[in-house]
């Protein structure tokens, strides 16, 4: 509770800093609206009383005030709402949303982006930062509405204490209404899975990539029928719950209307007696019928504040998470400018959160400077995890990595990254221009033509670039109607990106040629080996190639064979084949090699 | 002038078209909704009348007031009941109309004769616009537009009824209130529509901002964001796109707020004047005090009847959706290619089964020929296939190899009847497949595409959706199990929490995510299901790209066995996997460049032999020594 109160204060302060005048305007609208609301009731009463008494001046004044109150109440409500949303949206989009994005990007490691507890919270908050900001405003507004409620009650009490009986009647209605609302919310949650499913089936039928298979299978009618059944099932379930809610709410209204009618009858009866007036009847009708909506607005805004908890709680969690992780990122040692000795892995181990067994288990090996290392193994053997540890994308649970004797954990992560480059298996397909998609490999030199050209040449992507409709300025990807590339072409862009940095000490190629045909693969490998050898000469760089295809690794200086997270064999290709009794490498190599063996 | 008339006509036509959607929800339901809406519109006038009556009764000594009090209570209750029951009614009407709309869009897209028309950028843009699944507040569905249009009409009921109450006091007050009320509506509506359009104009920037924002937490991109130090750059990029959209929107917010002064004046002056006139009139004996109170309420009722603009926005937001759906219908319902009736009958009788005789022999694999097939993607510079001739003999295992971009995947789509050759033809047992009809032909073919579908449905559905329709019962559980076993899925099934019924998506209750390799086996099982359901041509496009070494080797060892009696076309760029084929063809420049068994092609010493040698070389020697000997430099 204290946390939420502090957050409300903090968010209001952020609104105040960003939009001082508009924040004041919204607050003023709330105040004026409350005055207009009370003024409307009193002015209507005065009109009737003055008309009965024949007081022309008072009557004209009251008539004008009534007109002004009607219009001002409406306009102020409208302006107050739109300006509040304006302030909320501005602060959300320029302040809170970037804060959430930085909570993702500023953490050095990537383990949080693979954890469902983190991702669920990101999903809850993303695009809804406005709700975080509005949660603060809903507290302020609920307070203003309580004031309005107090005014309403005072006005009713001034006519007749009997009218105060309406307050519990409104309470009954609200309780029944809330019960109905809970049902409809429950129905909404219960049908959300089917809602997603019908959307999925619709997308399958309307996207060309998937509809081709559906056509060949003749499955279109079946899928349309299922989509319709699912979609209508959702609609009917939700409508049923809403119908029950409506019945409950109506029952509540009947109670309120009965109370209202009875109280009104009392007011009408006393209107003819001393101390009563016809104006009281008008006031009772106007304010009495509004009572419930004022109560509902107050409760509604208060429950908004509560409902926003679904977004505010994850937001607070993310903030705390990022703050804790950033506080731990204190290593500042500079990486060496060139490798002279080795990168050494000492009893390295890493277990994914929630996993039963380690993904990397007690791996120790020395990789001398200037080496081309191949990491091989089957899916799930831990080879990609090993690479992520080397690039500091994960922090080892135990053991350590040293770079020329310095513990990698002590080297500042941005510094280590600046001397690292990588082409990952699941590379990004950036929906931007070709040149930018390459230049992203080194944002500092992104604008440099020469740097981009050199990287394009290094990855043999020049021909691809020149074939594009606007060469390097062509937008890539179909998402924004750019040119869609094939898998292999995207991979070339990723390889070019990895070549932007000219002097990396660690160069990672994760399944770099998986979708290329034989001659392209051959070509790319030749270039990469050449590049690796040059980097090795220049700065002792280590190149790590991850592959499950043995054709790509045979020429490495050192081959690491992974199985179930453990380093089971290492050595050169001839060493591993010559192992007495075979071994994992020899066996797997054999399976692929027989396909090429002379028949 | 003429232009204005034409625009008005077009707008009226669109509005009528929106209203015409309403009966789609079912007439009784619609009737109830309309009744509720009309009652709601009448409420302000009714409230004014019953208040007046109550005051007059209370002012008359000796008159009974009970009836008048009850009426006030009844009107209050009626009003609340209408507004409360509106939600379920609207949910139903909207849900039914939109579901129907979405079904129409799906049918349009899956029933075109060929795939290329659906792939065109133009059609894809229309589909995005016609989806009716709003993601932004400016996007509305056809049903929302139709309901909005209904509200616009019903508003006039409210205006007329409150004006009638005013007229009862004095007719000349009616124009004094109605004209400014309509002006105010025009002003407010104009502001919202302008705001709406500014927002819509910025949608492309909005989508880009959304995209870059998403990248900050995408697990795949996360590695590059960190390795290359891109985090701040990506956040900045998102903010740039965001401002490109929202700066204009925000400026308009402020402008609209300033313009509210005019709205205030336009409403308060006539309303105040009318109220003063009525007040003065009452003291001069024109009407009762009750009538005055009634006039006050009805006078404001005239304004409040027309000032709401949410419905106008619904109409505005739904118009692009309806327009896109119309354009799609016009684009996609061109008459299908004429079929030759005689030929259809011939094939149909051949494949028809007598119900209940599941053991009847399947029709044999057809002899398929591609004769001079040429195909070019619409809008591309040159054809992908250029006069290609290819024969697929019944029951053989044919491998198609070639470089990236040689047209291998295009060939599979032509073969499956997804693309129609621009020249040449595809025949089955001598009959043009166009004459057989696309649907009938596709029942005889099955394809494992590189980008196969991952249905978020049960494992059983995932396999049985390999072939639906025809005259046999669907799904066939035995065929599902057989196909799964053949695809090597046995161990996977054993590990699933609910067996065959387990949904293959973690987002579903009790669902699981499969690995890439497991999914590939599911896709293969799906195609094998189709072969059990009558397909006789099996096309495998890179079917083992996600499998690990052992599983791949195991699968190829068994491939010939599980495709008995089926012609298999295996597309691959990995030559080690195609050696076992009965015949290998090399695709280059849109034609078959080489054809023969592995040994024949090796003996030929052409491109295939060269490519194979290249791949094999890596196993024979490391690339180090090759570099040293200068082979590659």
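Bear in mind these aren't lab numbers, they're just calculated from the coordinates by the rules spelled out. These numbers come from a predicted model, not from an experiment. We place every Cβ from the backbone using ideal geometry, glycine too, and count neighbours over all the protein chains shown.
Hydrodynamic analysis of chain B uses the Kirkwood radius over alpha carbon pairs. Inserted into Stokes-Einstein at 4 °C and 1.567 mPa s, it gives a translational diffusion coefficient of 42 µm²/s. Estimate the FRET efficiency between residue A:55 and residue B:232 by the formula 1/(1 + (r/R0)^6), using the beta-carbon distance for r and 45 Å for R0, to the nearest 0.05. Efficiency computed from Cβ-Cβ geometry: 0.05.
Within 10 Å of each Cβ in peptide B:606-615, how many partner chain Cβ atoms are there on average? Round it to a whole number, please. Show your work: numbers first, answer last.
Numbers: counts 0, 1, 0, 0, 2, 4, 3, 2, 6, 10.
Mean shielding by partner chains, rounded to a whole number: 3.
Using just its DSSP H runs of length 4 or more, each adding -39500 (n - 2.57), chain B gives a mean residue ellipticity at 222 nm of -20500 deg cm²/dmol after division by all residues.
Throw me the Rg/Rh for the range A:429-497, computed over C-alpha atoms with Kirkwood Rh, two decimals.
On the way: Rg = 10.6 Å, Rh = 11.5 Å.
Ratio of gyration radius to Kirkwood radius for the range A:429-497: 0.92.
The tail of the calculated P(r) for the protein assembly as shown beyond 47 Å holds 46 percent of all Cα-Cα pairs. Relative to the longest principal axis of the Cα atoms of chain A, helix A:449-458 runs at roughly 50 degrees.
Annotation: the range B:482-543 has a Kirkwood hydrodynamic radius of 12.4 angstrom, from the mean reciprocal C-alpha pair distance.
Tell me the Kirkwood hydrodynamic radius of the range B:18-80 in angstroms, computed as one over the mean inverse distance between distinct C-alpha pairs.
13.8
The largest-to-smallest principal axis extents of the Cα set in the range A:240-340 are 105, 40, 15 Å. For chain B, relative contact order (Cα pairs under 8 Å, six or more residues apart, normalised by length) works out to 14 percent. Shown for B:262, B:212: other C-beta atoms within 10 Å of each C-beta, ranked fewest to most, produce the order B:262, B:212.
Taking all Cα-Cα distances within chain A, those exceeding 30 Å account for 69%.
Using alpha carbon centroids, what distance separates the range B:210-251 and the range B:66-94, in Å? Centre-to-centre (Cα) distance: 48 Å.
Quick one: of the DSSP bridges fully inside chain B, what percent are antiparallel, nearest 5?
On the way: 18 of 37 bridges.
Expressed as a percentage, antiparallel bridges in chain B total about 50.
Mean partner shielding of peptide B:437-445, defined as the number of other chain Cβ atoms within 10 Å of each residue Cβ, is 2. For the range B:500-579, the convex hull spanned by the alpha carbon atoms encloses 109 Å³ per residue. Specify whether the C-alpha gyration tensor of the range B:91-250 places it in the rounded, prolate or oblate class, a ≥ b ≥ c being the square roots of the eigenvalues: rounded for a/c under 1.5, otherwise prolate if a/b is larger than b/c and oblate if not. It is oblate, given that a/c is not under 1.5 and a/b is not larger than b/c. Taking a ≥ b ≥ c as the square roots of the Cα gyration tensor eigenvalues, the range B:536-587 comes out oblate, since a/c reaches at least 1.5 and a/b does not exceed b/c.
Secondary structure note: in the protein assembly as shown, about 50% of the DSSP beta bridges are antiparallel.
Order of A:222, B:552 from fewest to most other C-beta atoms within 10 Å?
A:222, B:552
Using alpha-carbon positions, what is the distance between the centroids of the range B:532-596 and the range A:81-151, in Å? Between the Cα centre of the range B:532-596 and that of the range A:81-151, the gap is 53 Å.
When you look at the Cβ of every residue in A:245-258, what mean number of other chain Cβ atoms sits within 10 Å? Mind showing how you got there, number by number?
On the way: counts 4, 8, 4, 1, 6, 6, 0, 2, 8, 4, 0, 4, 11, 2.
Across the residues of A:245-258, the mean count of other-chain Cβ atoms within 10 Å is 4.
In chain B, the longest principal axis of the Cα atoms and the axis of helix B:289-307 are about 20 degrees apart.
Expressed as a fraction of 2.2 N^0.38 Å, the value expected for a compact globular protein of N residues, the C-alpha radius of gyration of the range A:429-547 is 1.03.
Which percent, nearest 5, of DSSP beta bridges in chain A are antiparallel? Let's see the in-between values first.
Numbers: 19 of 39 bridges.
Counting DSSP beta bridges with both partners in chain A, the antiparallel share is about 50 percent.
Calculated [222 nm] ellipticity per residue, helices only, for chain A: -21500 deg cm²/dmol; basis is -39500 (n - 2.57) per DSSP H run with n ≥ 4, divided by all residues, nearest 500.
Give me D for the range A:2-325 in µm² s⁻¹, whole number, from Stokes-Einstein with Rh from the Kirkwood sum over alpha-carbon pairs, 37 °C and 0.692 mPa s. Show your work: numbers first, answer last.
Values: Rh = 23.8 Å.
Using the Kirkwood radius from Cα pairs, D works out to 138 µm²/s.
What list do you get for B:140, B:3, A:383 if you sort them by fewest beta carbons within 10 Å? Write out the running numbers ahead of the final one.
Working: B:140 23, B:3 7, A:383 27.
With the fewest neighbours first, B:140, B:3, A:383 line up as B:3, B:140, A:383.
Averaging 1/r over every pair of different alpha carbons in the range B:2-331 and inverting the result gives a Kirkwood radius of 23.6 Å. The C-alpha atoms of chain B define a longest principal axis, and helix B:477-486 lies at about 50 degrees to it.
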